[in-house]
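Remarks on the structure that follows.
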Amino acid sequence: MVMRSLVFLLLVAASSAKVFERCEWARVLKRAGMDGYRGVSLADWVCLSQWESHFNTNAINHNQGGTTDYGIFQINNRYWCEDSSYPSGNGCNIQCSELLTDNVNVAINCAKRVVRDPNGIRAWVAWQNRCENKDVSSYLDGCRL
C-alpha cells in the first residue's frame, strides 16, 4: 500500500511538471526575491538552473554514490530533502517529491536555504563549472526585467 501511494504521488508530481522558458524563469526568480539573494545575481541563478535542469521542474539525476538531485535546482537528497532511498539531513524540511512540481515556491525556498549554507552558491557543481567567474549577463538578454 505504501509503495502504491508513493507511485501515485510521483505520477502526480510528474504530471504537474513544467519546463520554463529562460526569461519566464528569470521573471519568476526576480519576483521571488532571488536577484541579489545572499550576493547571488539573478543571472547566476538563471545560469545555474540552465545547466542543472534546463529549467525543468521534473528533472531527476541519480549520482554516483547513491544520492539523487531533484527539480529545477537539482537539490540533493543527501542534505536537503527526504526520500526513501538515502538517509538525509533534510535541511529544507521537505519531501524531495515536492521539488518536482510546477509550484516552484518550495524549490526556491529550499535553494535560498542551500545558499545560506557556508558553501553558498558553490554547493552547485554546475554553477562552479559553467557560471563561476564567467560573464553570465547573457542569461538575462532580452528578458525585459
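Structure values in brief
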{"read-out": "27 Å Cα-Cα reach of LYS134 towards lysines, excluding residues that sit fewer than 8 places from it in its own chain", "value": "LYS30, LYS112"}
{"read-out": "Rounded to 10°, Cα long-axis angle of helix 22-31 versus longest principal axis of the chain", "value": "90 degrees"}
{"read-out": "Size of electric dipole in the chain: Cβ of Lys, Arg +1 and of Asp, Glu -1, about Cα centre, debye, nearest 20", "value": "220 debye"}
{"read-out": "In degrees, nearest ten, helix 105-116 long axis to first principal axis of the chain (Cα)", "value": "70 degrees"}
{"read-out": "Distribution of pairwise C-alpha distances over the stretch 40-87, 10 Å bins, in %", "value": "28, 47, 22, 2"}
{"read-out": "Mean ellipticity per residue at 222 nm, deg cm²/dmol - from DSSP H runs of n ≥ 4 across the chain, formula -39500 (n - 2.57)", "value": "-11000 deg cm²/dmol"}
{"read-out": "Quarter of the Cα convex hull surface for the chain, i.e. its orientation-mean projected area (nm²)", "value": "8.5 nm²"}
{"read-out": "Cα-derived Rg over Rh, computed across the stretch 96-145 with Rh taken as Kirkwood radius", "value": "1.04"}
{"read-out": "Rounded if a/c under 1.5, otherwise prolate or oblate - the stretch 30-113, Cα gyration tensor axes", "value": "prolate"}
{"read-out": "Filtered GluC sites (Glu not before Pro), the stretch 11-89: DSSP coil and at most 16 other beta carbons within 10 Å", "value": "GLU21"}
{"read-out": "The chain, accessible surface, carbon-and-sulfur percent (1.4 angstrom probe)", "value": "49 percent"}
{"read-out": "Cα long-axis angle, helix 42-53 against the chain (0 to 90 degrees, to the nearest 10)", "value": "40 degrees"}
{"read-out": "The chain: relative contact order as a whole-number percent, Cα under 8 Å and 6+ apart", "value": "25 percent"}
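The values are calculated or read from the model by the stated rules, or taken from the named source; none is laboratory data. Nothing here was measured: the structure is a model prediction, and the numbers come from that model. As a convention, Cβ positions derive from the backbone with ideal geometry for all residues, glycine included, and neighbour counts pool all protein chains shown. The protein model used for the area step is the full one, side chains on, heavy atoms only, and it has no ligands, DNA or RNA in it. Shrake-Rupley method; radii C 1.70, N 1.55, O 1.52, S 1.80 Å.
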